[in-house]
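This is the structure I want to talk about, given as structure tokens.
Each value in this text was obtained by applying a stated rule to the coordinates, not by laboratory testing. Treat the numbers as computed from the prediction; the structure is a model and nothing was measured. We place every Cβ from the backbone using ideal geometry, glycine too, and count neighbours over all the protein chains shown.
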Amino acid sequence: MSIYTKIRAVLLEKLATAAKAKDWALPDPMPAFTVEKPRDPKHGDIATNIAMVVTRAAGAPPRAIAEALAQALKEDKRLTAAEVAGPGFLNLRLAVREWHEQLRLVLREGVDFGGNDLGGGERVNIEYVSANPTGPMHAGHVRGAVFGDALANLMQKSGYKVTRRYYFNDAGAQVDVLARTVYLRYREALGEDIGEIPAGLYPGEYLKPVGAKLAGSHGRKWLGRPEAEWLAPVRDFAVAGMMQEIRDDLRLIGIRHDVFTNEREVIENGTLDRVFKLLEDKGLIYVGTLPPPKGKEMEDWTPHPLVLFRSSRFGDSVDRPLKKRDGHWAYIMPDIAYHYTMIAEGYRRMINVLGADHGGYLERMRPAIAALSDGKARLDVLFCAMVKVFNHGELVKLSKRSGNIITLREMVEEVGADSLRFTILTRSFDTPFEFDFAKVKEQSRDNPVFYIQYAHARGCSVLRHARDMFGDSAISDAALLKADLSPLTSGDETGLIRALADWPKVVESAAIAREPHRVSFYLYEVASLFHALWNKGKDDSKLRFLIEDDRAASLARLALIKGMMRVIASGLAVIGVKPVEEMR
């Protein structure tokens, strides 16, 4: 049980006692109230507004409730002080042994520490990356890929049952362009001089291997044949080849999706017709006209009858056409059908991670999802801002392989997968990001991933020396769990324990806000506190982690080090990074 959960239970127990003594009524159910670390450490260890949220039901001023609660808490040995502040806030100070118990909790739960049951086992579908199979993963995809994967990790740690999904368009004109380009590379692989890649096809060399594989598999089968014969089989071959390359690239940064869904399958399996019939049966389809687009002068605008979905009933600004004038499906219909497949599978929470250029997507999709699920399912879309790649402050524009993009593979080769993932998560996903190769490889405090990994590696180094000093059995997890922690009394030591105890709260708040970058900030804080302790031990021998003639202090500090390492490993797991034992 985290310290905040523990104190929440204490507050509810003591409030019930105080209310009974004062003959106050308490709300049922109890409204949400905060139990959190104060912004200013001078105010104590934990602050709560519980008195302010029950004041109406109790019929008493919040300050009077807070004072009665503080009085009821005086006899509790888990606390050393309960002070009323302002209109009715309550600031609490915990006994040192309570922090020691939190350290034992960290040691007991290991990397599982920090998990919570916020999601209650609810299924959630998170769609991320979802790049179309027309080229390799590049810098523009990396941010959404890393953010989406970390968000999935974070929500799993918060008790959700997460499905990681990749949805790609393999039915549009761009995959026909892909097929034509691969066919050109196929001819090249068979010895033909194809000259410059014509305008309108995909430049760069990344499709050469696909063309060569096509030649190796099919020989000269398609040479000289009309496009109508080879377009579909070459397209399928090219899409399969590019999707395999995309999977391989994503594995470089530890990303593996549970489900791959493609637009062609949604179109060909009849889902569009079923969705249309469902909306029609609900009375949400009609033939009508739309006004001219807003913000555009269209003197020759002529309204045409269209098959429309009454999306305005569900909060949309305008009803949406589901069919074009020629009777073909409108471009939003396959996406509506795709989301319906998840509703049919029982998902009630869906999160899509998209680029900032998909700004109107949520407005178009939410009404259809509300209509198809009778308001039970909800889609949220998180839009990732652009990434610009630099090296020593200079903008990097060209790729050796693709000619006009920086590929994910090149980024991994330059800085490594862990550094790439962590660095991407040092900023909020919705703010522009400048990724500088030189800064990511820098070995200093200014490089967060190095600084955090260095803390873990230093901890491993101390444990190796402790093994030589005290033996394996003395520093095992089981032994340190039983160690006397009373020597951990300095402000720096208890400060680090307080930070470790915050981890469950960080996980919960980051999951609620859907902001995995909060984990990066938190880990940097933990690493900073540990490095500060390390440095003080260099200046004062009494503050060293290992003191040969003071076994009790050494074992207590080793417990603290192991606790720090467990929390850092737990946090890095959310980000998708492995902790290191040595820095090379």
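Based on other C-beta atoms within 10 Å, arrange Glu227, Glu414 from fewest to most.
Glu227, Glu414
Taking a threshold of 31 Å on the Cα-Cα distance, which of the pairs Lys208/Lys578; Lys6/Lys538; Lys6/Lys542; Lys37/Lys161; Lys324/Lys376; Lys74/Lys161 fall above it?
With Cα atoms farther than 31 Å apart: Lys208/Lys578; Lys6/Lys538; Lys6/Lys542; Lys74/Lys161.
Specify the angular offset, from 0 to 90 degrees and rounded to the nearest 10, of the alpha carbon long axis of helix 517-539 from the longest principal axis of the alpha carbons in the chain.
Roughly 40 degrees between the two axes.
Over all Cα pairs of segment 445-575, how is the pair count split among 10 Å bins, expressed in % and running from 0 up to the last occupied bin?
12, 44, 32, 11, 1
Using only Cα atoms, tell me the angle between helix 361-372 and the longest principal axis of the chain; keep it within 0 to 90° and round to the nearest 10.
On a 0 to 90 degree scale, this one is about 90.
Could you tell me which of Val507, Gly172, Trp99 has its Cα farthest along the dipole of the chain towards the positive end, charges placed at Cβ (Lys, Arg +1; Asp, Glu -1), taken about the Cα centre?
The residue sitting farthest along the positive end of the dipole is Trp99.
Taking only Cα atoms, what is the 0 to 90° angle, nearest 10, from helix 503-513's long axis to the longest principal axis of the chain?
Between helix and principal axis, roughly 40 degrees.
Determine the calculated [θ] at 222 nm for the chain from helices alone, applying -39500 (n - 2.57) to every DSSP H run no shorter than 4 residues and normalising by the residue count; nearest 500 deg cm²/dmol.
Calculated at 222 nm, the ellipticity per residue is -15500 deg cm²/dmol.
Taking each pair of distinct Cα atoms in segment 173-252 once, what is the resulting Kirkwood hydrodynamic radius in Å?
Result for segment 173-252 stands at 12.8 Å.
May I ask for the Kirkwood hydrodynamic radius of the chain, worked out over all distinct Cα pairs and given in angstroms to one decimal?
28.0 Å
As a footprinting exposure proxy, order Asp176, Asp40 by other Cβ within 10 Å, with the fewest listed first.
Asp40, Asp176
I'd like to know which of Gln71, Ala466, Leu481 lies farthest towards the positive end of the charge dipole of the chain, counting +1 on Cβ of Lys and Arg and -1 on Cβ of Asp and Glu.
Of the candidates, Gln71 comes out farthest on the positive side.
Net charge near Ala371: determine it from the other residues with C-beta under 15 Å of the C-beta of Ala371, scoring Lys and Arg +1 and Asp and Glu -1.
The answer is +4.
Oh, and also: Kirkwood Rh, segment 3-94, all Cα pairs: how many Å?
Final number for the Kirkwood radius of segment 3-94 is 12.9 Å.
Now a separate question. Looking at the chain, what % of its DSSP beta bridges pair antiparallel, to the nearest 5?
Looking only at bridges with both residues in the chain, the antiparallel portion is about 45 percent.
Using the Cα centre as the reference, give the magnitude of the dipole from point charges on the C-beta atoms of segment 445-575 (Lys, Arg: +1; Asp, Glu: -1; all else neutral), rounded to the nearest 20 debye.
With only Lys, Arg, Asp and Glu charged at Cβ, the dipole is about 180 debye.
Could you work out the equivalent-ellipsoid semi-axes for segment 135-194, taking the square root of 5 times each eigenvalue of the Cα gyration tensor, largest first, in whole Å?
Each semi-axis is √(5λ); the values are 38, 13, 9 Å.
How about Lys536: which lysines have a C-alpha closer than 21 Å to its C-alpha, ignoring those fewer than 8 places off in the same chain?
Partners within reach: Lys562.
Relative to the Cα centre, what is the charge dipole magnitude of segment 3-94, using +1 at the beta carbon of each Lys and Arg, -1 at the beta carbon of each Asp and Glu, and rounding to the nearest 20 debye?
The calculation lands at about 140 debye.
To continue, here is another question. Within 10 Å of each residue's Cβ, count the other Cβ atoms and sort Val396, Val96 from fewest upward.
Ordered from fewest to most neighbouring Cβ atoms within 10 Å, Val396, Val96 come out as Val96, Val396.
Hey, with R₀ at 45 Å, roughly what FRET efficiency would Ala385 and Glu548 work out to, going by the Cβ-Cβ distance, to 0.05?
Using R0 = 45 Å, I get an efficiency of 0.25.
Any idea which of Ala556, Ala457, Leu496 is furthest toward the positive side of the dipole for segment 445-575, if Lys and Arg beta-carbons carry +1 and Asp and Glu beta-carbons -1?
Of the options given, the answer is Ala457.
What value in Å³ per residue do you get for the convex hull of the alpha-carbon atoms in segment 382-509?
180 Å³
Arranged from highest to lowest average of other beta-carbon atoms within 10 Å per residue, in what order do the peptides 124-132, 351-359 appear?
Final packing ranking: 124-132, 351-359.
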